[in-house]
Amino acid sequence: MTLAAHEVRWSAAGRLIVDGVSLEAAPGRILGLIGPNGSGKSSLLRLLCRLRNVASGVVKLDGRDIAGVPRRALAQRLAFVEQQATTEMQLSVCDVVRLGRTPHRAALASWNGADEAAVSAALERVGLSERHDQPWHTLSGGERQRVHIARALAQEPSELILDEPTNHLDIQHQLSILALIRRLGVTCIVALHDLNLAALFCDEIALLHGGRLQAAGTPEAVLTEETIRAVFGVAVSIRPGASGRPHIEYLVATDRPAEEGA
Ligand SMILES: Nc1ncnc2c1ncn2[C@@H]1O[C@H](COP(=O)(O)OP(=O)(O)OP(=O)(O)O)[C@@H](O)[C@H]1O
């Protein structure tokens, strides 16, 4: 067990947003978090990395309540890639990635070879080595997303939490980032909207609906035609894809109505 939530609740504006969720990320495996817009995915991820404090329940890292873990120690273990992370405009790409080294460096310690190697390796992994010195604000949306992932990799976490990491990415980069995350072998919790990508890359899936955990288990167990219809209101047909993982086909009418007089 690495990161686990037990009966976690969180409210905002007088409304219960995360409602008694329990889940556990198995070591070295990818737990996908899916659910409709507003179902509480981002809120739950923020509780898991203590960007917000739970109202009740507990989040544990290796069996220890994270509320009692010093921030720096937590940041040495756990990296978070937010959905719409912003960054100081004046920074270059490598400046942003270097921020990932902060938890590992003693106050006033000089920048060392290990730090630089971690930054270079992280940039290489997201395919942006040649953008090392580019001003961050001149990057495209997808490149910014990859730089934020590189920052998290430079942090060398053992637990990685990502909120919609494929946002803004073209299909090649969606696939390469998720394949990279799989190869890292770190414990990972990732919110995804694309159900086929979740089926393809996640070892387990947790489905949120209205702040509650609706289902959890293997992609085959969670991604059923009945569940998707009930939670997302969409008719689907699910068959094993070429990968052997479930492949979801959306059953929607795409015909145009016959034109008048035609
Ligand atoms: N600080 C807040 N104050 C008031 N309401 C909030 C706050 N944070 C989140 N909410 C509400 O909680 C609900 C869940 O939001 P959250 O961002 O966790 O959902 P999500 O599943 O990540 O959604 P999406 O798929 O659209 O990103 C939403 O209805 C949102 O408006």
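The values are calculated or read from the model by the stated rules, or taken from the named source; none is laboratory data. Predicted, not measured: the structure shown is a model, and the values here were computed from it. Virtual Cβ from ideal backbone geometry, glycine too; neighbours counted across all protein chains shown. We work out accessible area using only protein heavy atoms, side chains counted, and drop any ligands, DNA or RNA first. Shrake-Rupley method; radii C 1.70, N 1.55, O 1.52, S 1.80 Å.
Pick from Thr218, Thr187, Thr227: which is open to solvent by 60 Å² or more (accessible area, probe 1.4 Å) and among the hydroxyl-bearing types (Ser, Thr, Tyr)?
Thr218
Among the residues of the range 1-15, how many are open to solvent by 10 Å² or more (accessible area, probe 1.4 Å) and part of a strand (DSSP E or B)? I'd like the intermediate steps shown before the answer.
To start, the set of residues in the range 1-15 that are open to solvent by 10 Å² or more (accessible area, probe 1.4 Å) comprises 1-2, 6-7, 9-15.
Then drop every residue that is not part of a strand (DSSP E or B), which leaves 6-7, 9-12, 15.
The number of residues fulfilling the criteria is 7.
Please go through the range 50-67 and give me each residue that is open to solvent by less than 70 Å² (accessible area, probe 1.4 Å), in a loop (DSSP other than H, G, I, E, B) and closer than 25 Å to Leu16 by Cβ, ordered by number.
Arg50, Val54
Quickly run through the range 130-147 and pick out the residues that are more than 15 Å from Ile177 (Cα to Cα) and part of a helix (DSSP H, G or I).
Glu130, Arg131, Trp136, His137, Thr138
Could you list, in sequence order, the residues of the range 84-99 that are open to solvent by less than 60 Å² (accessible area, probe 1.4 Å) and either more than 24 Å from Ile189 (Cβ to Cβ) or at pLDDT below 90 (or both)?
Ala85, Thr87, Leu91, Ser92, Val93, Cys94, Asp95
Quick one: Val18 ticks every box in (1) surrounded by fewer than 23 Cβ atoms within 10 Å (Cβ to Cβ); (2) more than 6 Å from the ligand (Cβ to nearest atom); (3) under 21 Å from Ala67 (Cβ atoms) except a single one, so which number is it?
For Val18, the exception is condition (1).
Name the pairs: first residue in the range 247-259 and under 19 Å from Leu197 (Cβ atoms), second residue charged (D, E, K, R), Cβ to Cβ under 7 Å, at least 6 apart or on different chains?
The qualifying pairs are His247/Arg239.
Give the number of residues within the range 128-157 that are more than 12 Å from Val96 (Cβ to Cβ) and modelled with pLDDT under 90.
Counting residues in the range 128-157 that are more than 12 Å from Val96 (Cβ to Cβ) and modelled with pLDDT under 90 gives 3.
With the requirement that a residue be more than 8 Å from the ligand (Cβ to nearest atom) and open to solvent by less than 10 Å² (accessible area, probe 1.4 Å), what does the range 31-44 give you?
Gly32, Leu33, Ile34
If we scan the range 68-77, do we find a residue that is in contact (Cβ under 8 Å) with a residue 60 or more places away in the chain, of a type in the set (A, V, I, L, M, F, W, C), in contact with a helix residue (DSSP H, G or I) (Cβ under 6 Å, 6 or more places away or on another chain) and not in a loop (DSSP other than H, G, I, E, B)?
Yes, the range 68-77 contains at least one residue that is in contact (Cβ under 8 Å) with a residue 60 or more places away in the chain, of a type in the set (A, V, I, L, M, F, W, C), in contact with a helix residue (DSSP H, G or I) (Cβ under 6 Å, 6 or more places away or on another chain) and not in a loop (DSSP other than H, G, I, E, B).
Out of all the residues in the range 169-211, which are assigned to a strand (DSSP E or B) and charged (D, E, K, R)?
Glu204
Of the conditions (1) open to solvent by less than 70 Å² (accessible area, probe 1.4 Å); (2) within 23 Å of Gln84 (Cβ to Cβ), His193 clears all except one; give me its number.
Against the list (1) open to solvent by less than 70 Å² (accessible area, probe 1.4 Å); (2) within 23 Å of Gln84 (Cβ to Cβ), His193 comes up short only on (1).
Kindly indicate whether any position in the range 139-146 is open to solvent by less than 70 Å² (accessible area, probe 1.4 Å) and in contact with a Pro (Cβ under 8 Å, 6 or more places away or on another chain). First the steps, then the outcome.
Taking the range 139-146 and keeping what is open to solvent by less than 70 Å² (accessible area, probe 1.4 Å), we get 139-146.
Then keep just the ones that are in contact with a Pro (Cβ under 8 Å, 6 or more places away or on another chain); that gives 145.
Yes.
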